[in-house]
Amino acid sequence: GYRDINEIDINMNDPLFTKQWYLINTGQADGTPGLDLNVAEAWELGYTGKGVTIGIMDDGIDYLHPDLASNYNAQASYDFSSNDPYPYPRYTDDWFNSHGTRCAGEVSAAANNNICGVGVAYNSKVAGRTYIKILCLICLYRLNLTRCIPPFQGRGGKGSIYVWASGDGGSYDDCNCDGYASSMWTISINSAINDGRTALYDESCSSTLASTFSNGRKRNPEAGVATTDLYGNCTLRHSGTSAAAPEAAGVFALALEANADLTWRDMQHLTVLTSKRNQLHDEVHQWRRNGVGLEFNHLFGYGVLDAGAMVTMAKDWKTVPERFHCVGGSIQEAQKIPSTGKLVLTLTTDACEGKENFVRYLEHVQAVITVNSTRRGDLNINMTSPMGTKSILLSRRPRDDDSKVGFDKWPFMTTHSWGEDPRGTWVLEVGFVGILPQKGVLKEWTLMLHGTQSAPYIDQIVKDYQSKLAMSKKEELEEELDEAVERSLKSILSKN
Amino acid sequence: SDPAVYTNHFLVEFHHGGEAEAAQVAAAYGFHGVRKLPFVEDGYHFFHNGLAKGRRRRSLQHQLRLEKDPRVKKAVQQIGFGRKKR
C-alpha cells in the first residue's frame, strides 16, 4: 500500500488544511509522514460522504458557523433532554460546550471555502443530537431519518452505526468498565498521536476495535486536532479520544456512501479487515497476532482506520452471514481469589456444536463476571482463547477503592479473537495487583460467544492478495477443506 | 425545575429583508454580532457582548426594543442548559 507523499495532489484553500495532519500527514508538528487516515485515496475515488448524515451526540452544534452551516441537517437534529429542536451550544454551568461543534467540523466541515479546515467526509451532513440515555425517544423521532438504537432496528434493519471514544482515563482507568465503550454495538475508537505513539491519557481496553488520531503527548500546539470551534472560530487544539471518534465517524460516512447497505456488523468487519498497523507503536503493549493471523494491539485494536481501503472494500462488500449467540459455558460456584498469585479457571466448550445456535467464526466474546473484593481497583482479569489469544479484560485502576459493589454480571468484552474458532478450552485468570494484600471471591464466569456459523469472508472479492481479507479467506478455505476431508473420511470408515 | 439561565444570544426573525438589514438592526440596538440561521428563512442569531453570558434575569430592555422594531417579527432571548457532561 506504499504511496509516495508527493503523489497526493489534493489542493484545498482552507487555511487549516495543511495542519490537519490526521488527513494527510506530511510530517507536520514532528509527525510521521504517511501516518494518517488515508482519506486522500477515498476522496480521489470520489467518496466524500454525499447523502450521509452523522448525528453528533454532544452539547449541540454551532450551526451558524460558516464552515458548518451548509452541511447542517436541521431536520435530523433534536435535543430531547431540553426539547430543543436545533440544539445549539449555549450556556452551560461549566462552559465546556464546544465539543459538539469541534466534532462536527472533523466530520463535515465544508471544503475549499477558505474557512478553517476540511471534514473527513466534507460533503456529509451533521445533525445535533443529545445524550444517549434518552435514545429510545430518538428512535421514535422521524424513523426514516434517524439512525436508531437498538442497532438492529435502525436504518431499516441494517442497524445503527455507533462510534464511541474509548476514554481518556489514562493508566488509572480501563474502558472495559465503560458500558458504552465496551458494548458490542459500538465501535470503540482509541487515539494515537501524530507520530504513532499512544496518548498519555490512553486506556488499556480489549473492546477497542480500531484507532484514529488526536493530541496527547506533545506540547507542540499544532499536534492537536484542527477543526471548527464555537462562534465561527477555528481551533488546532481539539483533544482526547473524543476528538478521535468523529474522525472515525467521518471515515464510516465515506464507507456508507460507497455502500449504503452496510449493516452495523459489516462496518465492524470492514474495520477489522482494513485497519492498518502502519507505524502505531507502544512500548508496553506489543502488536500480536490472533489465532487466525489478524494483527491486533491491546491499545490500538486492529490498527488505524484506512479510508481508502475501507471504501474500496465496501463498494463490493457482501453482507456477512447471520450472527448467532452461544453460551459457551458457565461457572457459578464461588471461587476465592488468593491475595497473592492468581485464581485460574478453565471452561471447555464445543461452542454449541450440533445445536441451532452453534458459533464457528467469532466476532465479539463476552466474559460475564460477578466478583467482589476488598478493593475493586486492584482486580486484574485476563482471558485466553483456545487458539492462544490472550486479552486483558480488566487492568488495575488505582483510584477505585470500592469494596461493596464489585462487578455484578458485568459483560467484559474482547474483540481480539475475531475470526477464531471458539471450540476448546478458555482460561480465565483473576488476581490482585496493588500495594496492599486484598481478598475477593468470584461468583460467576459465563462465557458468551458471538459470531457466524459459516465463513464470513467466503463471498467477498479479494483485490489485494497481501490484505488481511485474502489471508482470512485463505484460512477459511483451508479449514473448510480440512473439515470436508475429515467428514468424508469418517463416512468412508463407517461404511467399511 | 432549576431557574432558567438567560444567555446573551437572541433569536431574531424578520418579516423579510436580508443580512444587510439584520446587521443594521443589530447595530442600531448595540448587538455585536449577527449570523444567519441556515435552516430558518429570515432567522438570525444576535450576540450582545455587553450582556453576561449567563444570568438569572431576562434582559427585558433589549427584548422589548427588538420587538418594537417594525421590521422584527419575533425576538427570543435564548435560555441556557444545566447540561451535565459525562
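The values are calculated or read from the model by the stated rules, or taken from the named source; none is laboratory data. This structure is a prediction, so every number in the text was calculated from the model and none was measured. No Cβ is skipped: glycine too gets one built from the backbone with ideal geometry, and neighbour counts run over all protein chains shown.
Per the conditions (1) within 23 Å of the chain's Cα centre (by Cα); (2) within 20 Å of A:GLU257 (Cβ to Cβ); (3) within 14 Å of chain B (Cβ to nearest Cβ), the sole criterion not satisfied by A:THR101 is (2). Within region A:443-473, if we keep just the residues that are touching a Ser or Thr at 6+ places or on another chain (Cβ under 9 Å) and among the hydroxyl-bearing types (Ser, Thr, Tyr), the residue that is farthest from A:VAL292 (Cα to Cα) turns out to be A:THR446. A:TYR141 falls short on exactly one of the conditions (1) at pLDDT below 65; (2) farther than 23 Å from A:ALA248 by Cα; (3) in contact with a strand residue (DSSP E or B) (Cβ under 8 Å, 6 or more places away or on another chain), and that condition is (3).
In the set (1) modelled with pLDDT under 90; (2) within 14 Å of another protein chain (Cβ to nearest Cβ), the condition left unmet by A:ILE149 is number (2). The strands (runs of 3 or more DSSP E) located wholly in region B:13-86 that include 2 or more residues which are more than 18 Å from A:ALA69 (Cβ to Cβ) and in contact (Cβ under 8 Å) with a residue 24 or more places away in the chain occupy B:72-79. Taking the options B:LEU11, B:LEU37, name whichever one is under 15 Å from A:ALA74 (Cβ atoms) and within 10 Å of the chain's Cα centre (by Cα). That would be B:LEU11, the only listed residue that is under 15 Å from A:ALA74 (Cβ atoms) and within 10 Å of the chain's Cα centre (by Cα).
Scanning region A:60-85 for residues that are among the hydrophobic types (A, V, I, L, M, F, W, C), farther than 12 Å from A:GLY105 by Cα and facing chain B (nearest Cβ under 9 Å) yields A:LEU64, A:ALA74. Taking the options A:LEU469, A:LEU449, name whichever one is assigned to a helix (DSSP H, G or I) and hydrophobic (A, V, I, L, M, F, W, C). Every option except A:LEU469 fails the conditions. Among (1) in contact with a strand residue (DSSP E or B) (Cβ under 8 Å, 6 or more places away or on another chain); (2) more than 8 Å from chain B (Cβ to nearest Cβ); (3) part of a loop (DSSP other than H, G, I, E, B); (4) of a type outside the set (S, T, N, Q), where does A:TYR47 come up short? So A:TYR47 meets the others, but not (1).
When restricted to residues that are within 17 Å of A:THR446 (Cβ to Cβ) and surrounded by fewer than 21 Cβ atoms within 10 Å (Cβ to Cβ), region A:361-381 contains 3. When the residues of region B:1-51 are narrowed to those that are over 24 Å from A:PRO85 (Cα atoms) and within 13 Å of chain A (Cβ to nearest Cβ), which ends up surrounded by the most Cβ atoms within 10 Å (Cβ to Cβ)? The qualifying residue surrounded by the most Cβ atoms within 10 Å (Cβ to Cβ) is B:LEU51.
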